[in-house]
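No lab work stands behind these numbers, since they all come straight from the coordinates. Keep in mind that what you see is a predicted model, and the values were worked out from it rather than measured. Here the Cβ is made from the backbone with ideal geometry for all residues, glycine too, and neighbour counts use every protein chain on show.
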Amino acid sequence: MRSDAAISVDRISKSYGDFRAVSNLSFDVEKAEIFAMLGPNGSGKTTTMRMILDILKPDQGKIAVLGGPLTDATKDRIGYLPEERGLYRSVRVADMMEYLATLKGVPPREARKRSLAMLERLGLAEHARKKVSELSKGMQQKIQFAVTVLHDPKLIIIDEPFSGLDPVNALALKDLLFEFKAKGGTVVMSTHQMSQVEEMCDRLLMIDRGVQKLYGPVDDIRRQYALHAIIVEGQGNWASLPGVEKVEFTENGRKSAMLHLKASVTPDAVLSAIAADPNMRIERFELAVPSLNDIFIRVVEGTES
């Protein structure tokens, strides 16, 4: 167990009758990082989150949150936004935000001040006196996030934060998460949107059937699954390059080519050959690293080897 981590999970397991939802799971979440928890439906993600939050008790193993066991005082330093969200729909927005902040220990006057400031920050100040039911879905989701951070937590845990958001509201939420991290906060999020993980997250944990499958920095995991190939854009007879075994062309708005290399050939050797050929012009040259979505599918389907 690590007392210096935001979350330290040591060999936890949880069963429901004969069904083992989480099996001997260990991982750490560092302070001031965005950490993704991934897995297919029914993989044990939500069960793990609820054990971290002490909503569920593990059958075995230990969990430390913000340096120790989860106490009432620690809970006031955590924000939780579950997938099954709910707001008081018949209550005025600012009143509801103020009330929920006071439940986390914020004095009423300060809670009111923070609520109005957050609404201003979100561009929703003019809706402060409206009932929640009068707001669009995107507005409601931004307010749900605001409520999660209104008491100035050190750690927030969010289940499917971008579900149902249009691109504009997704960008606004993304900015808020980055802002929270920049102030020293830690974010744990569960999501199926792999592009968001690639863009936002420092590290990830992927579980399937309650068992750890992948764990570590996002970039390292992607490089681990890199093909022995390079992607190029430009002009040239790529097939003529020494060491190129096969060329595949793809259209993605620009014409790219994936050059599959022989086992003994390095990408640097191919780059040197391109640079030495006056008939070739290179605009893009990079390792063929698969998307996190491709890796997710390979791991879940058991074809990662």
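DSSP beta bridges confined to the chain are antiparallel in about 70 percent of cases.
Could you work out which residue, out of Ile34, Ile282, Ile230, moves most in a Gaussian network model of the chain, that is, has the largest mean-square fluctuation with Cα springs under 10 Å? Of Ile34, Ile282, Ile230, the most mobile in the Gaussian network model is Ile282. Remark: segment 148-305 projects, on average over all directions, an area of 12.4 nm² (convex hull of Cα atoms). Across the chain, the relative contact order, built from alpha-carbon pairs under 8 Å that are at least six residues apart, equals 19 percent. Here the mean projected area of the convex hull built on the C-alpha positions of segment 152-196 is 3.2 nm². For segment 217-297, the calculated P(r), taken from all Cα-Cα distances in 10 Å bins from zero up to the bin holding the longest distance, is 17, 49, 28, 6, 0 percent.
Around Arg92, under 14 Å between beta carbons, what's the net of Lys plus Arg minus Asp minus Glu among the other residues? With Lys, Arg at +1 and Asp, Glu at -1, the neighbours total +1. Fully extending the segment from Lys130 to Val91 would add 13.2 nm, taking 0.36 nm per residue of separation and subtracting the current Cα-Cα distance. With the cut-off at under 17 Å, measuring from each backbone N in segment 70-101 to a point 7 Å along the Cα-to-Cβ line of Glu120 picks out 94-95, 98.
Using 0.36 nm per residue of separation minus the Cα-Cα distance, give me the extension gain between Lys62 and Ala276 in nm, one decimal.
71.2 nm
Local charge for Met280 was computed over the other residues whose Cβ lies under 15 Å away, with Lys and Arg +1 and Asp and Glu -1, and equals 0.
Once the mean of 1/r is taken over each pair of separate Cα atoms and inverted, segment 39-168 shows a Kirkwood hydrodynamic radius of 15.9 Å. Expressed as a fraction of 2.2 N^0.38 Å, the C-alpha radius of gyration for segment 56-116 is 1.43. Considering only Thr48, Thr148, Thr250, the mean-square fluctuation computed in a Gaussian network model of the chain, springs between alpha carbons under 10 angstrom, is largest for Thr250.
Whole-Å semi-axes of the chain's equivalent ellipsoid, largest first, each the root of 5 times a Cα gyration tensor eigenvalue?
The three semi-axes for the chain are 43, 26, 16 Å.
Our estimate of slack between Tyr225 and Lys183, defined as 0.36 nm per intervening residue step minus the Cα-Cα distance, is 11.8 nm. When the chain is treated as a GNM with alpha-carbon contacts under 10 Å, the residue of Asn237, Asn41, Asn24 showing the greatest mean-square fluctuation is Asn237. Over all directions, the projected convex hull of the C-alpha atoms in segment 99-194 averages 6.4 nm² in area.
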